[in-house]
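The values are calculated or read from the model by the stated rules, or taken from the named source; none is laboratory data. Just so you know, these numbers come straight off a predicted model, no measurement behind them. Using ideal geometry, Cβ is built from the backbone for each residue, glycine included, and neighbour counts are taken over all protein chains shown.
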Amino acid sequence: MSTQLEEQWKAASFLALDAPLAVKILTVALKEEVEKAGFHKVVLGLSGGIDSALSLYLAVQAFGKDNVIAVCMPYRTSSSSSLTDAEEAIRDTGVQSLTVDISPQIDAYFELMPEATPLRKGNKMARERMTILYDLSAHYQALVLGTSNRTELLLGYGTQFGDAASAVNPLGDLYKTQVRQLSKYIGVPRSILEKAPSADLWEDQTDEKELGFSYFEVDQLLYHLLDRRLTKNQLLEVGFSASFIDQVTKRIARNQYKRRMPVILKISNRTVGIDFRYLRDWGL
């Protein structure tokens, strides 16, 4: 771990996890949830980033390498290093993998809409990748594994029905800082650990540049806001600026719709997801 990271952990030790225990909890729960649904395999998109890499390594521990399928889905402008890093993780874990170039279908669609913004193109790519994963899910009889961490979910930093979609998400309760900690512990390749977080949606895109703050900064705020339930005045006393608090809390509220299943307008006395919730623990 770099000196900078060591200093960060000292400054915010409250974010540190008991890594062996956390990995055990996540792998046992992951296996249980997948098998309760009647499956024994998982499939996930592997981007070359730290989040999908950690999901991959957790899945291998939970199911064994023969029951995990990793799918690389580059676009023609994707960074070549992203594919290289993904391939290193595949070699290290020994999982089955395949690469699907999404350039033809993305380019064909946007030929009709040449004025589309990079954001629209990025969202389309994310959703295209997820449609591929769900098709392969049917082919391999494998559940789609999620790769969105808690920080991204809270901030709405993800594409609805794109990278934010999944059947089971092992990372959704981990702040980005904790993803880095567990990734180092579990053995994710160093090239992935040390790279700047990026969705690789367009050239030179990085998460922190787009967000306007670092993951480490926002994870500290989110911890005090959510886990400790501090008020705005208490957050100010801790040392966070009013503008930063407002910026983050507005993002959380604005993106609530991304964290919910589609809202069903109620007219019956037992509405799916509201009054009627089928318990999978009843058994299949």
Kindly check whether there is at least one residue in region 31-43 that is within 30 Å of Lys121 (Cβ to Cβ), touching a strand residue (DSSP E or B) at 6+ places or on another chain (Cβ under 8 Å) and surrounded by 15 or more Cβ atoms within 10 Å (Cβ to Cβ). yes
For the subset of region 235-256 comprising residues that are out of contact with any helix residue (DSSP H, G or I) (no Cβ under 8 Å at 6 or more places or on another chain) and of a type outside the set (Asp, Glu), which member is nearest to Pro197 (Cα to Cα)? Gln247
Given the condition over 27 Å from Ala62 (Cα atoms) and surrounded by 13 or more Cβ atoms within 10 Å (Cβ to Cβ), answer yes or no: does some residue in region 84-91 qualify? no
With the structure loaded, tell me whether Val95 is under 17 Å from the mean Cα position of the chain (by Cα), crowded, with 18+ Cβ neighbours inside 10 Å and either at pLDDT 95 or above or closer than 23 Å to Pro197 by Cβ (or both) or whether it fails that test. no
In region 94-116, anything free of Cβ contacts under 8 Å to residues at least 24 places away in the same chain and among the polar types (S, T, N, Q) is listed as Gln105
How many residues does region 226-248 hold that are assigned to a helix (DSSP H, G or I), surrounded by fewer than 15 Cβ atoms within 10 Å (Cβ to Cβ) and β-branched (Val, Ile, Thr)? 1
Tell me which helices (runs of 4 or more DSSP H) are completely within region 117-195 and hold 2 or more residues being touching a residue at least 40 places away in the same chain (Cβ under 8 Å) and touching a strand residue (DSSP E or B) at 6+ places or on another chain (Cβ under 6 Å), or say none if there are none. 118-140
State the number of residues belonging to region 76-92 that are of a type in the set (Lys, Arg) and closer than 15 Å to Leu193 by Cα. 0
Please verify whether region 209-225 includes one or more residues that are loosely packed, with under 11 Cβ neighbours inside 10 Å, among the hydroxyl-bearing types (Ser, Thr, Tyr) and either more than 25 Å from Ser47 (Cα to Cα) or touching a residue at least 12 places away in the same chain (Cβ under 8 Å) (or both). no
So for region 98-120 (the condition being out of contact with any Gly (no Cβ under 6 Å at 6 or more places or on another chain), modelled with pLDDT of 95 or more and crowded, with 22+ Cβ neighbours inside 10 Å), does at least one residue qualify? no
Any chance region 168-187 includes a residue that's among the small types (Gly, Ala, Ser), surrounded by fewer than 19 Cβ atoms within 10 Å (Cβ to Cβ) and within 25 Å of Leu26 (Cβ to Cβ)? yes
Out of (1) hydrophobic (A, V, I, L, M, F, W, C); (2) surrounded by 20 or more Cβ atoms within 10 Å (Cβ to Cβ); (3) part of a helix (DSSP H, G or I), the one Ile69 does not meet is (3)
Please verify whether Ala12 is surrounded by 14 or more Cβ atoms within 10 Å (Cβ to Cβ) and in contact (Cβ under 8 Å) with a residue 24 or more places away in the chain, treating the condition exactly as stated. yes
